[in-house]
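Everything on this sheet refers to the single structure shown next.
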Amino acid sequence: MDQKLSLTINGKAIEASPGQTILEVARENGIHIPTLCYYKGTTNVGACRVCVVEVENARSLVASCCMPISHGMVVMTNTERVLTARKLVVELLWSSGDHNCLQCEKNGNCELQDLVYELGIEKPGFEIAPLEYSIEDTNSMIQRDLNKCILCGRCVRVCNEIQVHEVLDFSMRGSRAKVGPAFDESYIDSNCVFCGSCVDACPVGALTFKQARFKGRPWEIEKVHTTCPYCGVGCQMDLNVADGKVIKVTTDREYGRPNQGMLCSKGRFGMDFIDSPDRLKTPLIRKNGELQEASWEETYDYVAKKLASIRKKSGPDSIAGLSSARVTNEENYLFQKFMRAVIGTNNVDHCARL
Amino acid sequence: MTNSIEEIEFSDAILAIGTNTTENHPVIGSCVKRAIRQHGAKLIVIDPRKIGLVDYADIWLRPKPGTNVAILSGLMNVIIEEGLYAKEYVAERTEGFEAMKEALAKYTPEFVSEITGVAAEDIRTAARLYAEAKSASILYAMGVTQHSHGTDNVKSCANLAMLCGNVGIEGGGVNPLRGQNNVQGACDMGALPNVLPAYQQVANDEARAKFERAWSASLPAKPGLTIIEIMDAAHRGDIKGLYIMGENPMISDPDLTHVEAALKNLDLLIVQDIFLTETGGLADVVLPSACFAEKDGTFTNTERRVQRVRKAVDAPGGAKADWQIISELSTKMGYAMSYASAEAIMDEINAVTPSYAGITYGRIEKEGLQWPCPNAEHPGTKYLHRDKFSRGLGLFTAIEYRPPEEVPDEEYPFFLTTGRVLYHFHTATMTRRSEGLVERCPESLAEVNPKDAEKLGIKDGDFVTVTSRRGSLKVKASVIETPPEGTIFMNFHFGEAAVNLLTNPALDPVGKIPEYKVCAVKVEAA
């Protein structure tokens, strides 16, 4: 099992485990091979051919994401032949879609744009009749522009193999091939559960978070790694902040446990409340039957006096506190400390049972 | 959870009972589905409703609401009868087997079938599937706990798992899926009436003395009241002041009419929250707090993993983090709390909470740690009870089935059971303010089986009146196969159709959890 295989990549001698692909071995060893359809943790499909490399004695170029290594293999990742093929693939992709970066949300964070730049392609060299899909913007969460889709299938695989919602798949063939829910339904009419993982997986601007459109470009966004505030799974996620507001939620599969880059609709699209106009902004005290705005100082005075007087008159056990399964450990700790050490009662509970 | 979430994917069998995992813990739902689709795990679903996981199940047992003890006893009866239990494990690691065996003797599949309505042969098949798996994980949630016999349900799950040697191994265990982001942490931190942080008993002199030294205060020895008992005491006038932080009992508690009367009877009601909730509307004082995105801290997830919460944006207006509000109020009342940051509070938690002693912000910067983590070198604990149980030997409990406190009769002929839906969370103060989620689920719906709908003379989308002994409400019906005939399902997210006007506040005698999952109602076309 532990037997290693020897091979060379770009002349560098490397030892690796049987069963690994050329791409995996190259990346482990700091050798760059670009990819588009490859998505870690899902089936390697070799669809885009961007990762082709030259293997000595092979009849043709091979897709490094699919090709397992073998003993004595000699791999070249950047020969003229490889670069020509790679360039052709990218040029065809650029030519066959509406890749206008000016108003694209992915500008600056687009894997196709990166490849065009990396390979130094001046302009698309093919005349291909433009696709004429209408943009799907019938829900407020995910915008779908199939004119930008490069058919890499990452959304299909994340939906079926990672989240296992089994909503997305390919339909039609050849130049009419496309990706979407069954029967060509829109997302909102399908059984999509809006986990948003397809958007995270999309390398281009075909799938974008609708609410975040025009709210901030990739380099203007600060990602803050935090824990989802909904159920007990504790998903790790990034709040994307632009101009002092949370504009969208993304995940980073590198964060690993517990959610390995997965989210659900609540963590993904349940953050509008943060910036809701209904948020409480100032303390309120009931005066003449009405809740009226008050300063913190006045409010603390009022509460402290009232609590002290109830405790004096009826004893500490006439006061109770409900802490919260929604706030932090630090706050729960302080709350029970306050009830026990300051008020002097064990009447403290929270909604664990509800 | 005794196991970790990552282990679920590699269990040989999964028994999901009383958990609508794909809606309430969707990411764990995906782990379950991956276990089945990609690793060939067997799935047993036990639920009265045809939940999402049923489509992935090898076998689905559909017991009548409130009969979990009977069905679990039936499984164990078969496993013992057919000699499928882990004899060595039972002999070496447990006690109380004989008494339990005796109690289980009468729960033959045929007898259990009479109570639950599940075919005897299906009980046998499910029992064999569970017992024959090398590692089997029991997943459960509020469908097991929110009953007047919730503790018996949980102990039955533990009995079943121990019987098959399925506690303390990789991928095998008893795994409650906790419903709120930090319900685990709130319990760990001692926000409970009988325990201090890390479950140190308030009645224990030694434990109390330790905290008295740490806090320089004298502490009460008598355990306090639970949430439902607090409401009852307020109703009687024994509780006069109530400080509520981040809870909304006016939607979440059972028998809301009673809750409202209790809250109105108080001399002082303080509500600290991010919105003016239904409960806040009754308050004498409202304190505006920062939400999770506006403060630092930690949450502890269902697998005991303590993870960071980080400030991303500023709180609106004068709203403050809950820890700042508590500190300032405490200081005003003459007990100084002057923490410079949330991290400074964690330093104090580390010092007084043995299971959290090694969990510092520095160590959880990249990835959280699972308690118990007793010191700064400890790697955290992936699964519990590895070589022995916390108490030494695993204790089997002999349990008798008891029916729910309220079952259908002539006047109230339907079961009502309650829960959440995928797109909303609890009292929905947050999710109903999110455009996309409201788009997906704009209103409360009562699920009615098509056969019942026919009898009631209603169609999908018609309004019905649902009435229990405690209250009545009008709600739109969704005619759907999900609930069994004779059972109505409602979610508790929507204040305008607040299902907790109807629910039964009957409590489990030990856990003091209300019987949200079963009460009797009548349903009429509105």
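I want to verify a result. In a Gaussian network model of chain A, Cα cutoff 10 Å, which of these has the top mean-square fluctuation: A:V193, A:V303, A:V25? Highest fluctuation of the listed residues: A:V303. Overall, region B:414-525 carries a charge dipole of about 360 debye about its Cα centre when +1 sits on the Cβ of Lys and Arg and -1 on the Cβ of Asp and Glu, all other atoms neutral. Summary of the geometry: region A:220-299 and region A:150-219, compared by the centres of their Cα atoms, lie 26 Å apart.
What range in chain A is the longest one free of chymotrypsin sites (Phe, Trp or Tyr not before Pro) that are in a loop by DSSP and have at most 11 other Cβ atoms within 10 angstrom? Provide the component values of the computation, followed by the final result.
Working: sites that count: A:F126, A:F214.
Formally, the longest exposed-site-free interval is A:215-354.
Summary value for chain B: 17 percent relative contact order, contacts being C-alpha pairs under 8 angstrom separated by 6+ residues. Considering only B:T397, B:Q146, B:C291, the residue lying farthest towards the positive end of the dipole of chain B is B:C291, judged by Cα position with unit charges set on Cβ. The label-point distance for A:K287 and B:H39, in a model that sets each label 7 Å from Cα toward Cβ, rounds to 6.2 nm. Less than 5 angstrom separates the built amide H of B:V448 from those of B:S478, B:V479, B:I480, all sequence-distant by 5 or more or on a different chain. When only the Cβ of Lys, Arg, Asp and Glu is charged (+1, +1, -1, -1), the dipole of chain A relative to its Cα centre reaches about 1000 debye.
Pairs of Cα atoms under 8 Å, at least six residues apart: use those to get the relative contact order of region A:221-279, whole percent.
Working: 91 pairs, mean separation 15.9, N = 59.
Across region A:221-279, relative contact order equals 27 percent.
For chain A, the relative contact order is 10 percent, taking Cα pairs closer than 8 Å that sit 6 or more residues apart in sequence and dividing their mean separation by the residue count. The GluC sites (Glu not before Pro) of region B:260-366 meeting both criteria, a DSSP state outside H, G, I, E and B (loop) and at most 11 other C-beta atoms within 10 angstrom of the site's C-beta, are B:E365.
Amide H to amide H distances under 5 Å link B:G173 with B:A136, B:S137, B:I138, where only residues 5 or more positions off or on other chains count and H is placed in the peptide plane.
By its C-alpha gyration tensor, with a ≥ b ≥ c as the square roots of the eigenvalues, how is chain A shaped: rounded for a/c under 1.5, else prolate for a/b larger than b/c, else oblate? Show your work: numbers first, answer last.
Values: a/c = 3.05, a/b = 2.06, b/c = 1.48.
Since a/c reaches 1.5 and a/b is larger than b/c, the shape of chain A is classed as prolate.
Ranking A:Q163, B:A319, B:L225 by Cα position along the charge dipole of the protein assembly as shown, where only Lys, Arg, Asp and Glu carry charges on their C-beta atoms, puts B:A319 farthest toward the positive end.
Each of A:M262, A:M73 was scored by other Cβ atoms within 10 Å of its Cβ. Listed from fewest to most, they are A:M73, A:M262.
A simple spin-label model places pseudo-atoms 7 Å from Cα toward Cβ; at B:E132 and B:V510 they are separated by 3.3 nm.
What's the ranking of B:388-395, B:221-228 by average number of surrounding C-beta atoms within 10 Å, highest first?
Numbers: B:388-395: 13.6, B:221-228: 19.5.
The packing order, highest mean first, is B:221-228, B:388-395.
Between A:L83 and A:H71, what is the spin-label point distance in nm, taking each point 7 Å from the Cα along the Cα→C-beta axis? About 3.5 nm separates the two model spin labels. As a rough footprinting exposure proxy, the listed residues B:E443, A:E132 were ranked by other beta carbons within 10 Å of their own, and the order from fewest upward is A:E132, B:E443. For B:C164, the residues whose modelled amide H falls within less than 5 Å of its own, excluding neighbours fewer than 5 places apart on the same chain, are B:A86. Summing charges over all other residues whose Cβ lies under 12 Å from the Cβ of A:K87, with Lys and Arg as +1 and Asp and Glu as -1, gives -1.
Taken one residue at a time, the phi angles of region B:74-90 give Karplus couplings (6.51, -1.76, 1.60, θ = phi - 60°) of x, 4, 5, 4, 5, 4, 6, 4, 8, x, 8, 7, 7, 4, 5, 4, 4 Hz. Gly and Pro are set to x.
Compute the Cα gyration tensor for the protein assembly as shown, then decide on rounded, prolate or oblate, letting a ≥ b ≥ c be the square roots of its eigenvalues: rounded whenever a/c is under 1.5, prolate when a/b is larger than b/c in the other cases, and oblate in all that remain. Cα axes put the protein assembly as shown in the prolate bin.
Please rank A:S6, A:S314, fewest neighbouring Cβ atoms within 10 Å first, as an exposure proxy. Kindly include the intermediate steps, with their values, before the conclusion.
On the way: A:S6 12, A:S314 16.
Fewest to most other Cβ atoms nearby, the residues stand as A:S6, A:S314.
Taking the Cβ-Cβ separation of B:R213 and B:R310 as r and a Förster radius of 41 Å, what is the calculated FRET efficiency to the nearest 0.05?
On the way: r = 33 Å, r/R0 = 0.80.
Computed FRET efficiency for B:R213 and B:R310: 0.80.
Placing a label point 7 Å from the Cα of A:S6 along the Cα-to-Cβ direction, the residues of region A:68-110 whose backbone N falls under 20 Å from that point are A:69-76. Positive contributions from Lys and Arg (+1) and negative ones from Asp and Glu (-1), summed over other residues with Cβ under 11 Å from the Cβ of A:N29, come out at -1. The distance linking region A:79-108 with region B:382-396 is 58 Å (Cα centroid to Cα centroid, whole angstrom). Between the Cα long axis of helix A:296-314 and the first principal axis of chain A there is an angle of about 50°, rounded to the nearest 10. Inter-chain neighbour count for B:497-506: the average number of beta-carbon atoms from partner chains within 10 Å of each residue's beta-carbon is 0. Projecting the Cα atoms of A:V50, A:A16, A:I31 onto the charge dipole of region A:5-78, computed from C-beta unit charges around the Cα centre, puts A:V50 farthest toward the positive end. Look at the stretch B:264-270: the mean tally of other chain Cβ atoms within 10 Å of its residues' Cβ atoms is 3. Under a model in which nothing but the beta-carbon of Lys, Arg (+1) and Asp, Glu (-1) is charged, chain B shows a dipole of about 700 debye around its Cα centre.
Residue by residue through A:241-251, how many Cβ atoms from other chains fall within 10 Å of the Cβ on average? Can you show the working numbers first?
Details: counts 3, 0, 1, 3, 4, 4, 0, 0, 0, 0, 0.
Mean shielding count: 1.
Taken together, the values in this text are just the output of simple stated rules run on the coordinates, not laboratory data. These numbers were taken from a predicted model, which means no experiment stands behind them. Neighbour counts are summed over all protein chains in view; Cβ atoms, including those assigned to glycine, are modelled from backbone coordinates with ideal geometry.
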